[in-house]
Amino acid sequence: MNYQKVYGITGPVSTAGPTAAENKLNDELIQELKKESSFESEQEASNRIKVLKILQELAHEFVYRVSKKKNMSDGMAKDAGGKIFTFGSYRLGVHGPGSDIDTLVVVPKHVMREDFFTVLDEILRSRPELEEIAPVPDAFVPIIKIKFSGISIDLICAKLDLAQIPQSLTLSDKNLLRNLDEKDLRALNGTRVTDEILELVPKPIVFRIALRAIKLWANRRAIYANVFGFPGGVAWAMLVARICQLYPNATSAVILNRFFKILSEWKWPQPVVLKPIEDGPLQVRVWNPKIYAQDRSHRMPVITPAYPSMCATHNITESTKKVILQELENGISVTNDIFSNKKTWSDLFSKHNFFYKYKFYLTVMASTRGTDEENLKWSGMVESKVRLLVLKLEALPGIKLAHPFIKPFEAAFAYSDETECKEILDNYGSFKTEEQLSKYKRITEENGQEAKDEKKCYITTMYIGLDVNVEEKKEKIDIHVPCNEFFNLCRNFNEEYQNPDVYSLIIKYVKQYDLPSEVYEPGETRPVKKKSKRRKQDKSAEFSKKAKSEAPSGTSQGSSIAEATQA
């Protein structure tokens with residue numbers, strides 16, 4: 001009797017093996033992924049291993065130094081250990097060229113979180129391989145972002161209630177979570193979830209190819225970014241894993257088609273789970289919509305398998321849910337055409353049309369007159385709050401959709417005085433005025449070294465596409481209130497950000513035809529203003545032109561809904 005292990009909380013939909021045609025499509029999928037540079041070279045893989053080896057040595061040195069400060073003997077300090085674990089795409093085996101490595105540093109109980117941001121920070125800064133560093137101690141999961149030997153690494157830290165952390169340690173035992181605070185639990189969750197996902201899929205190779213394809217598709221369609229209210233890497237991994245459980249013998253090509261079909265028809269907010277949600281030894285919150293109102297508010301819940309189970313998609317808003325469902329519907333159509341030989345896999349990975357899709361866009365410009373590190377901290381904080389602006393906007397009558405773009409645009413200019421800096425900020429972000437910036441030196445990787453002693457203005461720009469209700473022509477959409485609330489939220493996040501000489505935030509709207517050239521790639525045709533016989537037909541909604549009391553001088557009339565500057 002053939003016995004096949006059942007994966008997941010239900011039996012499989014089909015245990016059928018692949019046909020010759022499906023195998024052929026699968027081979028074509030792998031070739032397309034190679035063509036799209038989804039796989040990294042052996043040299044890059046080798047470099048990552050070397051960097052992780054160095055980080056392990058630094059983790060050991062970090063624990064040793066802290067132990068010595070606590071008056072431990074040399075032998076005890078060395079035995080205290082310290083170990084790094086990877087999680088996310090690298091641990092799942094689906095990372096590509098240029099991907100970052102999510103890395104967890106596990107330390108013994110006498111090492112504090114403050115030590116991570118002082119002692120380890122100091123150790124990292126002393127290394128010649130370090131290119132960039134940005135500590136974010138106030139993040140939901142406190143993190144140090146670094147670039148080390150050309151590789152981006154997100155470092156987080158967790159301490160266990162153990163006196164020593166040996167190299168043989170694994171994190172599968174739930175009892176290791178005893179006596180930990182919430183931040184440590186969240187930090188450990190990444191590695192524990194990644195390891196469980198790999199154990200819960202029938203065929204890891206099929207899962208990895210399918211997940212590479214979904215990650216590429218979600219990036220191309222601009223729906224891959226947890227911070228902006230879309231599923232992140234772990235959520236997409238769990239969604240693919242669930243389809244693999246339902247079709248345990250299918251090829252990656254078939255998994256993709258079923259992925260789009262099943263998830264577009266899913267009865268949200270019914271959760272996607274990979275195994276029954278379990279209890280454990282801790283008095284901690286486990287995802288449960290029957291008990292917690294906050295859990296009931298999750299629109300597309302995808303639940304992590306490792307105890308304590310959490311929702312990986314709590315950031316999804318009503319607008320981003322609509323965008324995701326539209327893309328899943330489109331995915332069914334394209335993969336059906338691929339299976340009937342009307343289209344090829346390259347059609348699935350075609351680029352989004354975000355900057356052609358809406359008539360109005362809101363731009364959120366975080367600028368810093370200071371160091372690169374100050375810029376990374378300020379822009380990163382503003383970026384992490386954009387989702388809250390989306391929630392405020394989509395609640396307004398007259399706005400059907402507030403669609404955030406998943407990638408910020410970065411720019412830096414050299415300037416000599418405040419007048420020049422103001423001119424740069426006034427003219428940046430609009431096609432109409434971008435020519436004015438040609439007289440300023442734009443800082444690039446090539447000229448960055450020679451401009452290191454010049455004063456720099458860093459600008460990070462995020463875009464939100466607005467789908468406005470055109471049925472009521474007379475309806476006014478006044479968005480200055482949510483914009484001002486968002487501005488105050490960012491400015492008051494901590495005292496440091498209230499310094500107008502260093503940090504500023506400008507929020508304004510542009511029409512599609514006035515979007516700056518940088519949002520279009522070479523070869524793309526930028527939209528042009530449509531000529532209309534009657535001007536009234538050209539107006540889909542009348543926007544209030546400026547925020548009360550916050551309209552700066554030097555901005556062309558009608559280019560701004562709400563401008564907020566820390567001046």
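Some values worked out for this structure:
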| quantity | calculated |
| --- | --- |
| Segment 323-400 - Kirkwood radius from inverse mean 1/r over Cα pairs (Å) | 16.3 Å |
| Under Karplus coefficients 6.51, -1.76 and 1.60, residue-wise ³J(HN,Hα) of segment 495-501 in Hz, glycine/proline x | 4, 4, 6, 8, 7, x, 6 |
| Portion, in percent, of the accessible area of segment 358-514 that falls on carbon or sulfur, probe 1.4 Å | 48 percent |
| Size-normalised alpha-carbon gyration radius of segment 61-145, reference 2.2 N^0.38 Å | 1.22 |
| Kyte-Doolittle mean at least 0.0, axial Cα span of 15 Å or more - DSSP H helices of the chain | 204-220, 233-246, 252-264 |
| Cα centroid separation, segment 402-424 to segment 285-350 (Å) | 33 Å |
| Chymotrypsin sites (Phe, Trp or Tyr not before Pro) restricted to segment 108-152 and DSSP loop, no more than 10 other C-beta within 10 Å | Phe140 |
| Gain upon complete extension [Glu450, Ser340; 0.36 nm per residue less C-alpha separation] | 34.0 nm |
| Cut-off under 5 Å, modelled amide H: who pairs with Cys157 long-range | Val105 |
| Of every Cα-Cα pair in segment 349-508, the percent that sits beyond 19 Å | 59 percent |
| Relative contact order computed over the chain (Cα-Cα under 8 Å; 6+ residues apart), in percent | 12 percent |
| Mean ellipticity per residue at 222 nm, deg cm²/dmol - from DSSP H runs of n ≥ 4 across the chain, formula -39500 (n - 2.57) | -11000 deg cm²/dmol |
| Accessible area per residue in Å² at 1.4 Å probe, computed on segment 358-514 | 45 Å² |
| For Lys83, residues with placed amide H under 5 Å, excluding near neighbours | Val106 |
| Apportionment of accessible area to carbon and sulfur, segment 42-192, percent (1.4 Å) | 51 percent |
| Potential lengthening between Glu521 and Asn499 on full extension [0.36 nm per residue; Cα-Cα distance subtracted] | 4.4 nm |
| Descending semi-axes in Å of segment 42-192, equivalent ellipsoid built from Cα gyration tensor | 23, 18, 15 |
| Rough spin-label spacing in nm, given labels placed 7 Å along Cα→Cβ, for Gln56 and Asn492 | 4.8 nm |
| For segment 203-305: relative contact order, % (alpha-carbon pairs under 8 angstrom, 6 or more apart) | 26 percent |
| Sequence-distant residues sharing a close amide H with Ala412 (under 5 Å, placed H) | Ile443, Ile459 |
| Segment 86-176: GluC sites (Glu not before Pro) in DSSP coil with no more than 16 other Cβ atoms inside 10 Å | Glu129 |
| Computed over segment 133-284, the ratio Rg/Rh where both radii use C-alpha atoms and Rh is Kirkwood | 0.99 |
| Karplus (6.51, -1.76, 1.60) ³J(HN,Hα), θ = phi - 60°, over segment 505-511, in Hz, Gly and Pro reported as x | 9, 10, 10, 8, 10, 10, 7 |
| For segment 358-514: relative contact order, % (alpha-carbon pairs under 8 angstrom, 6 or more apart) | 47 percent |
| Solvent-accessible area, 1.4 Å probe, carbon plus sulfur percent, for segment 271-343 | 49 percent |
| Among Leu155, His60, Ala45 the positive-end extreme of the charge dipole of segment 42-192 (Cβ point charges) | His60 |
| Solvent-accessible heavy-atom area per residue, rounded to whole Å², over segment 42-192 at 1.4 Å | 46 Å² |
| Candidate residues Glu446, Glu418: accessible-area rank, largest first, probe 1.4 Å | Glu446, Glu418 |
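The values are calculated or read from the model by the stated rules, or taken from the named source; none is laboratory data. This structure is a prediction, so every number in the text was calculated from the model and none was measured. Glycine also receives a Cβ, built like all others from the backbone with ideal geometry; neighbour counts cover every protein chain displayed. Side chains are part of the model used for accessible areas, which takes the heavy atoms of the whole protein and leaves out ligands, DNA and RNA. Shrake-Rupley method; radii C 1.70, N 1.55, O 1.52, S 1.80 Å.
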